[in-house]
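Just below is one structure, and these are the notes that go with it.
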Amino acid sequence: MSDPLQKLFWDDLRIVKAIGESGGLAAAAAALGLNHSTVSRRLSHVEEALGVTLFDRRRAGYTATGAGAEMIALGDRVEKDILGVARRISSQEQGHTGDLRVATSDALLLDFLTPIIASFQADNPEIRIEVLVGNSPLNLARGETDIAFRATLAPPENLFGRKAATIAWAVYGRRSDYIGTSPTLGELCQHRWVSYGSGLSGLRAFGFVEDHVPGEKITYRSDSVIGLAAAIVADVGIGFLPCMHGDLVPELVRLSAVQPEVYDELWILTHPDIRKSGRVYAFMTHCTKAIIEQRAFIEGREIPRGRTGFIGR
C-alpha cells in the first residue's frame, strides 16, 4: 500500500500557504488564479493525506492550527529554495540582458537615480528596467523586486547591500521669505512647520521635530519628501528635507546648518541569491560609483553648481 504522503506536491504547499496568508478560500483562490472549489478540494486532500486538520473553520475566516502553521512555514521555505535556484540558473544564462525591477522612493528617483539609470542603460541597452516607487518594504526574497534603494539606518539582515553614502538633513524655508535674515534654530522652532506623517515616523527628522517644535506649530504632515518640499514652497511652513533634495529646489534655501543628529544612510540592496547575476552586479556597481561621485552633495558638504548656498548657521 502506498504512503499517502507521497501524493503531496509543491502545489499543495502553495495552496496551504496561500490560505494561511489570506485567511480564507476565496482570497487564496484569487491569489493563485484558481477557482474556489479547486482550493477547497485540494485542502481536503492534504488534510486527508496528513490525517490532521490544518485550519479551524471560523465565521471570521480560516485560522491555522499548530500543524497548519508548520505546513505554512514549510511552504515558505520551499518557495524560497525554488526561487533561489531559479534565480541562480537564470542569472548564469542571462548575463547583461533581461529585466531589472528597481524599488526606490519618489525623492531618490527624482533627484538623481533617473539620470544614473539612463547612463547605465546607454551602456547596457539590452537591459530593461522597471522602477517601483514607494516607501514600504518590498519582499526581495519573493522576487517582487531585484534591487532596492533605501534611505535607512537598519537595512534588512537577510539582504546583501552596500552603504553608498550618509544623507544629510537641514531645515528649509522659502528663499524669498528669508532674504537678509539669519534666524537661529531656536527661533526657527517657533515658526509654522511641516513634518512627516506616521508612515515616515522612523525618520530622525520626524523625531527631531516632535522633540523641538511645539505641537501647535506643526500645521501639515506628509508621507512624501517631495510632498513636504512642495508644501514648503507653497508657504505652508518650514521643515526638514534631505539636503540632496532641498538644495535642488530653486525656491528653497537652507535655514539651518546640517543637523548631525538628523541623518539617513543610503543603501543599495539585493537578495543574496542574485547578487552575482551579471545584470544585477553591473547595475549595483554602476550606481555605487555614480553615487560615490556625488557623495559630497548627498552629505550636504557641497552646494550644486548655480545655487547660492544657505543662510542658516
Give the residue, chosen from Val213, Val225, that is of a type outside the set (Ser, Thr, Tyr) and under 30 Å from Ile268 (Cβ atoms).
Val225
Return the pair list, or none, for Cβ contacts closer than 7 Å from residues in the stretch 96-107 that are assigned to a loop (DSSP other than H, G, I, E, B) to residues that are at pLDDT 85 or above and small (Gly, Ala, Ser), at least 6 apart or on different chains.
His96/Ala282; Ser105/Ala151
Of all residues in the stretch 170-222, which are in a loop (DSSP other than H, G, I, E, B) and either under 19 Å from Thr152 (Cα atoms) or outside the structural domain of Cys287 (by TED's automatic domain parsing) (or both)?
Gly197, Ser201, Gly202, Leu203
Given Ser222, Ser256, which one is over 30 Å from Ile117 (Cα atoms) and among the small types (Gly, Ala, Ser)?
Ser256
Part of a strand (DSSP E or B), at pLDDT 85 or above and farther than 30 Å from Ile238 by Cα: which single residue out of Ile167, Ile129, Ile117 fits that description?
Ile129
Determine whether the stretch 291-304 contains at least one residue that is part of a loop (DSSP other than H, G, I, E, B), at positive phi and surrounded by fewer than 21 Cβ atoms within 10 Å (Cβ to Cβ).
no
Just for the stretch 198-246: of the residues that are among the polar types (S, T, N, Q) and farther than 17 Å from Asp177 by Cβ, which one is nearest to the chain's Cα centre (by Cα)?
Ser224
Out of Val85, Val102, which single residue is out of contact with any helix residue (DSSP H, G or I) (no Cβ under 6 Å at 6 or more places or on another chain), modelled with pLDDT under 90 and on the phi < 0 side of the Ramachandran plot?
Val85
Could you count how many residues in the stretch 240-285 are part of a strand (DSSP E or B) and more than 30 Å from Arg128 (Cα to Cα)?
6
Matching option when the condition is crowded, with 16+ Cβ neighbours inside 10 Å and at pLDDT below 95, among Ile147, Ile179, Ile232, Ile218
Ile147
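The values are calculated or read from the model by the stated rules, or taken from the named source; none is laboratory data. On a predicted model such as this, the values are computed, not experimentally measured, just so you know. Cβ atoms come from the backbone with ideal geometry, glycine included; neighbour counts cover every protein chain shown.
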